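Written out below as structure tokens is the structure these notes cover.
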Amino acid sequence: MRKSHVVMAGFAMLAASAVTMAGPAGGTVSGKVTYEGTPAKMKPIDMSKEPSCAKMYSTPPVAETVVTGPGNALGDVVVYVSAGAPDEAAPSTAAIFTQKGCRYIPHILAFQVNQELKISNEDQTSHNIHPLPKLNREWNKSQPPGTPPISEKYDKSEFIPVKCNIHPWMHGNFAVLKNSHYAVTPETGAFSLANLPPGKYTITAWQESYGEQTQEVTISGSETKTVNFVFKAKPY
Amino acid sequence: MRNINISKICLSLAAALLLVGIASAQDSHIKEPNVTGHADAGKPLYYRYCWGCHGARGDGNGENAPYVTPTPRNFVQATFKCRSTPTGTLPQDQDLYNTLVRGFNFTNMPSWAALTAQNRADLVAFIKTFSPRWKTEKPGDPIPIPAEPKLTIESMKHGGELFQKLECWKCHGQEGRGDGPSASTLTDSNDQPIRPFNFTTSNRSKCGRTNQDLYRIFMTGVDGTPMPSFADVVKPEDAWDLVHYLRTLQYNSPSPELALWMSTKEGHDIVEAKKVYNTNTGSGINP
């Protein structure tokens, strides 16, 4: 009796360890994106032509074309697997793009091909959402305050600048990607691409004004490989 | 020898039939007037009349293109300004045909009314061969335009409120002169400066001059320019009110709307106060 209990407990432990082993499927690529040199100083945005937005800020917000953090860290960089991973079906969750305080939140929105994109306006002013794709269809829609979110999707992978013609300082980017292995760096510049099955991958880092860089990495088992990117900052 | 000749003839006949078969996949179907255009017939017309600006490859980079503003249409991208279809979709053949008849006011694109209807239909068919989009996508469904409601003072006043609420004035200006606060910053999708329509100088907008055309323009938007589509945010009856109001901004273009507006003291005073009625006015010519 006692013996069988011990055996069963042993089985239970084995089963539990098997479950925890199954958790991290594949390896991880992580690292940090930094810059060298002096990036251009981001200018404050003059929103005086749109008082309803200007009053939302005690100090004027600055442009977001280059976002930096302590230790030369570079934020708002899209790091993604550009080759080596199969194309994936779009997730059922929508990517959310919000217009608030006459700015785009987030400034860079990464999502997958054919994934639903929901755009909403939380401002007291009309915006027009005008993405400027080269490969996908170009559309341009008005969104006055209080109107329902716009639902769209893109069927080709592409980096798409987005602007509002009414408020010329408003500028954002869509990163339409083929698989779910992507990250947009925060101000720390750190990123981590998890759940990569063993194989050879091309990792690409894209920054809207510095362009893109690629590195090759080979993953075997559930190891974590470090890949760092260093962009040359443009002083203007 | 004779046998060989016959087989040669047979072969070339078969090839010709095959060619006809391929060409028929690149037709255009115009309802008004009822003509069918063929790309192979449009090709020589294109390389006679169009390629100087639109380019040998249809990419808008013709020999004259550097001197033309706004830049000639890029048929490879297949983004078209004047459509009856929703923003981001391909236009109907009829839309392209109508554009050829009308031309684009205030641009280098003339009216091609001097060609025959068959010529224009053939050109539409040929223009569609430049972009692969025509093979993979269908044109959008035309945005329905309900019958125009009766013109009333209230309709025009409500249209004026919408002009404020939808912030049309941000670009087009409070008086519709195309001089709103954002006007000077506008660029088209080719990064070229572009000016909003100045209602005071003309009633001939790029995509047509009838009330239905005006309705269609702000419902479909003008793709490739800053003018967005309002189809998802404006109700049809509100859109008609806005059309009626826009006519009252066209001080120098007689219309039933302007006449009714001027017959009221309020409307008359507004127009008179601007001191532009029956004058050569506006902040400049339209782009």
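The values are calculated or read from the model by the stated rules, or taken from the named source; none is laboratory data. Model, not experiment: these values are computed from the prediction. For neighbour counting, all protein chains shown are included, and Cβ atoms are generated from backbone atoms with ideal geometry for every residue, glycine included.
Checking the condition out of contact with any Lys or Arg (no Cβ under 6 Å at 6 or more places or on another chain) and surrounded by fewer than 17 Cβ atoms within 10 Å (Cβ to Cβ), which residue from A:Lys141, A:Lys100, A:Lys178, A:Lys163 passes?
A:Lys100
Here are the criteria: (1) touching a strand residue (DSSP E or B) at 6+ places or on another chain (Cβ under 8 Å); (2) crowded, with 18+ Cβ neighbours inside 10 Å. Tell me which single one A:Thr147 does not satisfy.
It is condition (2) that A:Thr147 fails.
Residue-wise test of (1) of a type in the set (Phe, Trp, Tyr); (2) at pLDDT below 95; (3) surrounded by 21 or more Cβ atoms within 10 Å (Cβ to Cβ).
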position: B:Pro149; (1), (2), (3): no, no, no
position: B:Gly159; (1), (2), (3): no, no, yes
position: B:Ser184; (1), (2), (3): no, yes, no
position: B:Asn198; (1), (2), (3): no, yes, yes
position: B:Arg216; (1), (2), (3): no, no, yes
position: B:Trp240; (1), (2), (3): yes, no, yes
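Consider segment A:132-141. How many of its residues are out of contact with any Asp or Glu (no Cβ under 7 Å at 6 or more places or on another chain) and more than 9 Å from chain B (Cβ to nearest Cβ)?
Number satisfying all stated conditions: 0.
Quick one: is B:Thr281 closer than 23 Å to B:Ile194 by Cβ, modelled with pLDDT under 90 and part of a loop (DSSP other than H, G, I, E, B)? Spell out the reasoning first.
On the way: closer than 23 Å to B:Ile194 by Cβ: yes; modelled with pLDDT under 90: yes; part of a loop (DSSP other than H, G, I, E, B): yes.
When the stated conditions are applied, B:Thr281 passes them.
With the checklist (1) within 12 Å of chain B (Cβ to nearest Cβ); (2) out of contact with any His (no Cβ under 7 Å at 6 or more places or on another chain) in hand, flag the one item A:Tyr182 doesn't pass.
A:Tyr182 satisfies all of (1) within 12 Å of chain B (Cβ to nearest Cβ); (2) out of contact with any His (no Cβ under 7 Å at 6 or more places or on another chain) except (1).
Would a scan of segment A:54-61 turn up a residue that is under 23 Å from the mean Cα position of the chain (by Cα) and modelled with pLDDT of 70 or more? Walk me through it before giving the result.
First, pick out the residues of segment A:54-61 that are under 23 Å from the mean Cα position of the chain (by Cα): A:61.
Subsequent filtering for residues that are modelled with pLDDT of 70 or more retains A:61.
Yes: segment A:54-61 contains one or more residues that are under 23 Å from the mean Cα position of the chain (by Cα) and modelled with pLDDT of 70 or more.
Can you find, within segment A:150-160, the residue that is farthest from the other protein chains (Cβ to nearest Cβ) among those that are crowded, with 16+ Cβ neighbours inside 10 Å and part of a loop (DSSP other than H, G, I, E, B)?
A:Ser157
B:Val76 fails exactly one of the following numbered conditions: (1) buried (at least 19 other Cβ atoms within 10 Å of the Cβ); (2) within 14 Å of chain A (Cβ to nearest Cβ). What is the number of that condition?
(1)
Quick one: is A:His167 of a type outside the set (Lys, Arg), over 14 Å from the mean Cα position of the chain (by Cα) and in a strand (DSSP E or B)? Reasoning before the result, please.
Numbers: of a type outside the set (Lys, Arg): yes; over 14 Å from the mean Cα position of the chain (by Cα): yes; in a strand (DSSP E or B): no.
Judged against the criteria, A:His167 is not a match.
Please determine, by comparing only the residues of segment B:162-190 that are more than 9 Å from every other protein chain (Cβ to nearest Cβ) and under 21 Å from B:Thr79 (Cβ atoms), which one is farthest from the chain's Cα centre (by Cα).
Looking at the filtered set, the residue picked out is B:Asn190.
Checking the conditions here, which among B:Asp213, B:Asp232, B:Asp238 is within 14 Å of chain A (Cβ to nearest Cβ) and without any contact (Cβ under 8 Å) to a residue 12 or more places away in the chain?
Values: B:Asp213 fails: within 14 Å of chain A (Cβ to nearest Cβ); B:Asp238 fails: without any contact (Cβ under 8 Å) to a residue 12 or more places away in the chain.
Among B:Asp213, B:Asp232, B:Asp238, only B:Asp232 is within 14 Å of chain A (Cβ to nearest Cβ) and without any contact (Cβ under 8 Å) to a residue 12 or more places away in the chain.
Look at segment B:123-158 and say how many of its residues are in contact with a Ser or Thr (Cβ under 8 Å, 6 or more places away or on another chain) and part of a helix (DSSP H, G or I). Talk me through it step by step, then tell me what you get.
Taking segment B:123-158 as the starting set, the residues that turn out to be in contact with a Ser or Thr (Cβ under 8 Å, 6 or more places away or on another chain) are B:124-125, B:128, B:137, B:139-143, B:149, B:153, B:156.
With part of a helix (DSSP H, G or I) added as a condition, the list becomes B:124-125, B:153, B:156.
Qualifying residue count for the region: 4.
Considering (1) within 13 Å of chain B (Cβ to nearest Cβ); (2) in a strand (DSSP E or B); (3) at pLDDT below 95, say which one A:Ile129 fails and leave the rest.
(3)
Output the residues belonging to segment A:200-220 that are surrounded by fewer than 14 Cβ atoms within 10 Å (Cβ to Cβ), closer than 12 Å to A:Gly26 by Cα and touching a residue at least 24 places away in the same chain (Cβ under 8 Å). Give the derivation first.
At the first step, the residues of segment A:200-220 found to be surrounded by fewer than 14 Cβ atoms within 10 Å (Cβ to Cβ) are A:200, A:209, A:211, A:214, A:216, A:218, A:220.
Cutting the leftovers down to closer than 12 Å to A:Gly26 by Cα gives us A:218, A:220.
Across segment A:200-220, the qualifying residue is only A:Ser220.
Identify all residues within segment A:46-85 that are crowded, with 21+ Cβ neighbours inside 10 Å and within 14 Å of chain B (Cβ to nearest Cβ); write none if there are none.
Once the filter is applied, which keeps residues that are crowded, with 21+ Cβ neighbours inside 10 Å and within 14 Å of chain B (Cβ to nearest Cβ), segment A:46-85 yields A:Met47, A:Glu50, A:Cys53.
Against the condition closer than 27 Å to A:Gly69 by Cβ, at pLDDT below 95 and hydroxyl-bearing (Ser, Thr, Tyr), how does A:Ser209 come out, does it pass? Full working, then the answer.
Details: closer than 27 Å to A:Gly69 by Cβ: yes; at pLDDT below 95: yes; hydroxyl-bearing (Ser, Thr, Tyr): yes.
It is true that A:Ser209 is closer than 27 Å to A:Gly69 by Cβ, at pLDDT below 95 and hydroxyl-bearing (Ser, Thr, Tyr).
Filter segment B:85-144 down to the residues that are among the hydroxyl-bearing types (Ser, Thr, Tyr) and within 14 Å of chain A (Cβ to nearest Cβ), then identify the one that is surrounded by the most Cβ atoms within 10 Å (Cβ to Cβ).
Just the residues of segment B:85-144 that are among the hydroxyl-bearing types (Ser, Thr, Tyr), to begin with: B:85, B:87, B:89, B:97, B:99, B:107, B:111, B:116, B:129, B:131, B:136.
Subsequent filtering for residues that are within 14 Å of chain A (Cβ to nearest Cβ) retains B:85, B:87, B:89, B:131, B:136.
Numbers: B:Thr85: 20, B:Thr87: 26, B:Thr89: 22, B:Ser131: 19, B:Thr136: 8.
In this case the residue turns out to be B:Thr87.
Going by the conditions given, is B:Ile194 surrounded by 19 or more Cβ atoms within 10 Å (Cβ to Cβ), under 20 Å from the mean Cα position of the chain (by Cα) and within 11 Å of chain A (Cβ to nearest Cβ)? Please lay out each step first, then the result.
Numbers: surrounded by 19 or more Cβ atoms within 10 Å (Cβ to Cβ): yes; under 20 Å from the mean Cα position of the chain (by Cα): yes; within 11 Å of chain A (Cβ to nearest Cβ): yes.
Yes; evaluated as a whole, the condition is true for this residue.
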